[in-house]
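K.L.:
One structure, as structure tokens, below. Some questions next.
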Amino acid sequence: MTNSSFSLSTRNAVLTRADTRTVPERDTRTVPKSRRRWRLRPVRTVLSLIGILLAVIWVFPVYWMLSSSLLPNVVLTSTRPRFFPWGGSLDNFREVLSSGSFFRALTISLQVTLIAVFFAMLFAFLAAVAISRFKFKGRKSFILAILFIQMLPAEGLFIAQYKMMSTTGLLNTVIGISVLYIAAVIPFTIWMLRGFVAGVPAELEESAQVDGCTSTGAFFRITLPLLAPGLVASGVYAFLQAWNEFTIALVILPREDMRTLPLWLRTFIQASQTRETDWGQVMASSTLVAIPVIIFFLIVQGRLTSGLVAGAVKG
Amino acid sequence: MFPPQARQVTRRFKKTPYLLLVPAVVMLLIAMGYPLIWQLWASTMKFGLAQQFGAPPEFVGLANYIAAFTNPTTWGVVIRSLVFCLVNAILTMLIGVGLAQLMNAVGKTIRLVMQIALLLAWATPVVAAVTIWIWLFDWRRGVINYLLNGLGFDFVNHNWLGTNLGLYLVATIIVVWMSVPFVAFSVFAGLTQVSGEVMEAANLDGAGAVRRFTAIILPMIKPVLMIVGLLQIIWDLRVFTQIRMLQDVQMPLDSDLLGTYVYRLGVGSGDFSMASALSIFILLVTIAFSIGYVLQIVKEDS
């Protein structure tokens with residue numbers, strides 16, 4: 001069910017841990033309880049306090065975004081920051097949503113992301129079936145190539161991609177950016193789906209065929225339903241990649257009315273150079289961009305954390 | 001002669017996997033293969049003033065590479081990028097491993113609180129994250145200046161993004177904040193592999209906390225540390241969004257790192273030969289660093 005054996009070993013680790021943990025704990029019960037506790041408690045309390053402090057530091061920026069998004073500019077520009085959004089309202093959100101530019105960017109982002117996810121999933125799925133269900137010449141080289149391509153940074157190719165799109169007249173088009181996104185997402189999606197496809201034993205399909213299914217029928221009735229969770233996880237991963245992408249979009253979509261959501265959010269920062277920023281509205285905008293991503297991320301987190309996929313979501 | 005049916009079966013068996021690969025391979029060739037070849041070609045060509053008026057580009061061999069790497073500006077960018085990359089990767093690893101150790105040491109509730117906080121930071125999209133941090137570091141109303149003042153330092157109207165060093169410091173904080181969760185979760189998963197019995201035995205034998213860490217924990221989590229560390233180096237070398245957006249706030253100084261420098265050369269001034277040469281350099285460095293990672297993945301996979 002996982003995408004690489006790296007993740008498999010971490011999963012096993014969690015299991016073995018649960019097993020080993022209980023054993024020594026039972027053993028220590030023979031040691032006089034009071035002495036142990038006396039020795040351990042102060043250290044543990046200090047560690048817990050440090051843990052809470054670090055958790056607060058890590059969560060603070062996200063909290064500050066939400067809190068600021070609810071406060072009016074008058075409060076945000078006062079000398080003393082307000083640490084809790086008392087007297088807050090949704091006015092900033094109302095303002096941002098009424099401007100129209102948000103929905104323009106949302107439309108572009110949705111078009112690009114849906115096209116990219118659909119085709120990347122389709123093509124990656126076919127390739128994943130090929131490398132996990134067939135033995136053929138060049139299979140190993142293909143896997144190696146996929147792993148290397150996945151590591152290539154956008155910054156190493158974007159000038160050439162820019163040139164290619166400008167000569168073909170595809171700058172500032174949904175098609176142009178979608179093609180680049182499909183290719184950018186495919187390698188990892190193949191790798192991730194490959195693990196899921198390999199997780200469904202071929203014997204299941206074969207036995208269905210023995211029972212009278214055609215090979216296509218066996219695939220659609222047996223394999224596909226079993227793959228559903230894997231397809232969803234990979235799809236969400238591909239969605240997050242395309243939805244958050246900034247670098248390629250910056251290069252390929254320079255025109256104002258073609259901005260995706262990340263580019264739209266950036267315009268607020270650019271504007272802060274020349275005029276007074278309404279940080280409440282900027283934070284409301286950030287919230288609108290971040291919330292769907294955070295929700296989707298938390299849904300697939302279990303699968304993502306267990307593998308290297310997780311890291312790949314990083315920008 | 002083979003009976004027709006048997007022949008058909010063997011042929012279909014051989015063709016199917018290749019047919020399945022066609023769509024993916026075609027996409028990769030269009031979006032990456034062609035640009036890569038164009039880039040290799042462009043990096044050996046001269047795009048000068050004459051070419052802007054329609055003359056075909058002129059073949060100059062490795063002259064662009066030589067020009068790029070005899071130029072002190074390029075060296076400045078390369079060295080800044082490497083230092084930035086190493087500082088960020090090391091800080092991320094140290095804090096990540098520390099947090100993983102801490103998560104392993106505290107009780108269930110505290111661990112859950114820490115995990116939720118880390119997950120939220122991890123899930124935040126990079127553009128939103130940079131936007132938030134710019135607001136936190138705002139020179140007039142930023143909460144960080146306010147808090148530092150409260151602690152007794154003089155940070156009234158301190159402009160963090162006014163200097164190169166300040167910009168890199170803010171970028172480092174953003175990168176570390178975003179990257180630590182992945183390291184912490186991966187290493188934590190590795191730490192749970194260390195058996196409690198072994199630790200207990202070492203404790204009874206008189207091994208102190210430091211000794212237990214270096215002699216037992218470290219060797220056991222070494223594979224995870226290697227992979228995660230390598231990924232951090234690769235990712236931090238390509239840092240783009242953070243630098244680009246921080247440069248949006250401030251009038252650009254000489255703060256470019258590799259990614260933003262190539263962007264400025266190519267999209268900004270249309271110097272495709274120099275931009276291509278540097279892009280090839282970025283790709284080569286990335287591949288060099290990726291070899292270890294890819295081999296490890298393939299090894300664990302088979």
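K.L.:
What distance in nm lies between label points placed 7 Å from Cα along the C-beta direction at A:V210 and B:R140?
P.N.:
7.7 nm
K.L.:
Still on this structure: Tell me: how much accessible area in total is hidden between A and B, 1.4 Å probe, Å², nearest 100?
P.N.:
9800 Å²
K.L.:
To continue, here is another question. For a paramagnetic label modelled at 7 Å from the Cα of B:Y34 toward its Cβ, which residues of the range A:134-163 fall within the zone defined by backbone nitrogen distances under 18 Å?
P.N.:
Residues passing the 18 Å test: A:157-163.
K.L.:
Let me ask you something else. When chain B is modelled as a GNM with alpha-carbon springs shorter than 10 Å, which of B:N104, B:N64, B:N203 fluctuates the most?
P.N.:
With Cα springs under 10 Å in chain B, the top fluctuation among B:N104, B:N64, B:N203 is at B:N203.
K.L.:
Over the C-alpha atoms of the protein assembly as shown, what are the Rg and the largest Cα-to-Cα span, Dmax, in Å?
P.N.:
Radius of gyration, then largest Cα-Cα span, for the protein assembly as shown: 26.5, 93 Å.
K.L.:
Sticking with this one: Once you average over the residues of B:237-245, how many Cβ atoms of partner chains fall within 10 Å of each Cβ?
P.N.:
On the way: counts 2, 7, 3, 8, 8, 2, 0, 5, 7.
The per-residue average across the peptide is 5.
K.L.:
Please give every one of the lysines within straight-line cross-link reach of B:K46, meaning a C-alpha to C-alpha distance under 21 Å, and leave out same-chain neighbours fewer than 8 residues apart.
P.N.:
Hits, sequence-local ones excluded: A:K163.
K.L.:
Send over a whole-number figure in Å² for the accessible area per residue of the protein assembly as shown, probe 1.4 Å.
P.N.:
47 Å²
K.L.:
For chain B, list the DSSP H helices whose alpha carbon atoms reach 30 Å or more along the long axis and whose average Kyte-Doolittle value is -0.5 or above? Can you show the working numbers first?
P.N.:
Numbers: long enough: B:4-28 (36 Å, 0.18); B:72-105 (49 Å, 1.48); B:164-191 (38 Å, 1.95); B:272-301 (40 Å, 1.53).
For chain B, where a helix must reach 30 Å along its axis and average at least -0.5, the hits are B:4-28, B:72-105, B:164-191, B:272-301.
K.L.:
Moving to a separate point now. Provide Rg over Rh for the range B:82-223; use the alpha carbon set for both Rg and the Kirkwood Rh (inverse mean inverse pair distance).
P.N.:
So for the range B:82-223, dividing Rg by the Kirkwood Rh gives 1.08.
K.L.:
Let me ask you something else. Cα centroids of the range B:149-166 and the range B:240-302: how far apart, whole angstrom?
P.N.:
So the two Cα centres are separated by 30 Å.
K.L.:
Suppose every K and R has +1 on its Cβ and every D and E has -1 on its Cβ; what is the size of the dipole of the protein assembly as shown about the Cα centre, in Debye to the nearest 20? Display every interim value, and only then the final one.
P.N.:
Numbers: 48 positive and 28 negative charges, 327 e Å.
Value, rounded to 20: 1580 debye.
K.L.:
Ok, one more. Just tell me how shielded A:117-126 is by partners: mean number of partner chain Cβ atoms within 10 Å of each residue's Cβ, no decimals.
P.N.:
3
K.L.:
Could you sort B:C85, A:C213 by their accessible area in this structure, using a 1.4 Å probe and putting the largest first? Mind showing how you got there, number by number?
P.N.:
Details: B:C85 5, A:C213 35 Å².
Sorted by accessible area, descending: A:C213, B:C85.
K.L.:
Sticking with this structure for a sec: As a test of the formula, what do you get for chain B when each DSSP H run with n ≥ 4 contributes -39,500 (n - 2.57) and the sum is divided by the residue count, at 222 nm and rounded to the nearest 500 deg cm²/dmol? Don't skip to the answer; put the middle values down first.
P.N.:
Details: 15 runs with 220 residues, N = 302.
About -23500 deg cm²/dmol.
K.L.:
Could you order A:F246, A:F220, A:F103, A:F296 so the one with the most accessible surface comes first? Probe is 1.4 Å. Working shown, then result.
P.N.:
Values: A:F246 5, A:F220 125, A:F103 100, A:F296 80 Å².
If we order A:F246, A:F220, A:F103, A:F296 from most to least accessible, we get A:F220, A:F103, A:F296, A:F246.
K.L.:
For a quick size check, give me the Cα extents of the range B:150-278 along its three principal axes, largest first, whole Å.
P.N.:
66, 47, 18
K.L.:
Between A:L90 and A:Y63, what is the FRET efficiency for a Förster distance of 22 Å, r being their Cβ-Cβ separation, to the nearest 0.05?
P.N.:
Taking R0 as 22 Å, the efficiency between A:L90 and A:Y63 is 0.80.
K.L.:
Related question: Heavy-atom accessible area of B:E300 with all protein chains present, probe 1.4 Å, nearest 10 Å²?
P.N.:
Near enough 60 Å² of accessible area.
K.L.:
Got a sec? Which residues of the range A:140-154 lose 40 Å² or more of accessible surface with every protein chain in place, vs. that chain alone, 1.4 Å probe?
P.N.:
Correct list: A:F142, A:L147, A:F148, A:I149, A:M151, A:L152, A:P153.
K.L.:
Starting from the Cα of B:K108, draw a straight line to each of the lysines and keep only those under 23 Å, dropping any in the same chain fewer than 8 residues away.
P.N.:
A:K33
K.L.:
Roughly how many Å² of B:Y18 are accessible to a 1.4 Å probe, to the nearest 10?
P.N.:
Ignoring ligands and nucleic acids, B:Y18 comes out at about 100 Å².
K.L.:
Using only the alpha-carbon atoms of the range A:96-312, report the extent along each of the three principal axes, biggest first, to the nearest angstrom.
P.N.:
72, 36, 28
K.L.:
Something else: Once the Cα atoms of chain B are picked out, what are the Rg and Dmax in Å?
P.N.:
25.6, 93
K.L.:
Across peptide A:170-182, how many C-beta atoms of other chains are within 10 Å of each residue C-beta, on average?
P.N.:
Values: counts 0, 0, 0, 0, 0, 0, 1, 0, 1, 3, 5, 1, 6.
Whole-number average of other-chain Cβ neighbours for A:170-182 is 1.
K.L.:
List the residues whose amide H sits under 5 Å from the amide H of B:M45, counting only those 5 or more places along or on another chain, with H placed 1.01 Å from N in the peptide plane.
P.N.:
Answer set, sorted by chain and number: B:V60.
K.L.:
Quick check: residue separation of B:T163 and B:A55 times 0.36 nm, minus the Cα distance between them. What number comes out in nm? Could the numbers behind the result be given before it?
P.N.:
Values: separation 108, 0.36 × 108 = 38.88 nm, distance 4.22 nm.
Difference between extended and current length: 34.7 nm.
K.L.:
Just how much of B:K14 is accessible, in Å², when a 1.4 Å probe is used and the result is rounded to the nearest 10?
P.N.:
Roll a 1.4 Å probe over it and B:K14 shows about 150 Å².
The values are calculated or read from the model by the stated rules, or taken from the named source; none is laboratory data. The model shown is predicted, which means the values in this text are computed figures rather than measured ones. Here Cβ is always computed from backbone atoms with ideal geometry, including for glycine, and neighbour counts include all displayed protein chains. Side chains are part of the model used for accessible areas, which takes the heavy atoms of the whole protein and leaves out ligands, DNA and RNA. Shrake-Rupley method; radii C 1.70, N 1.55, O 1.52, S 1.80 Å.
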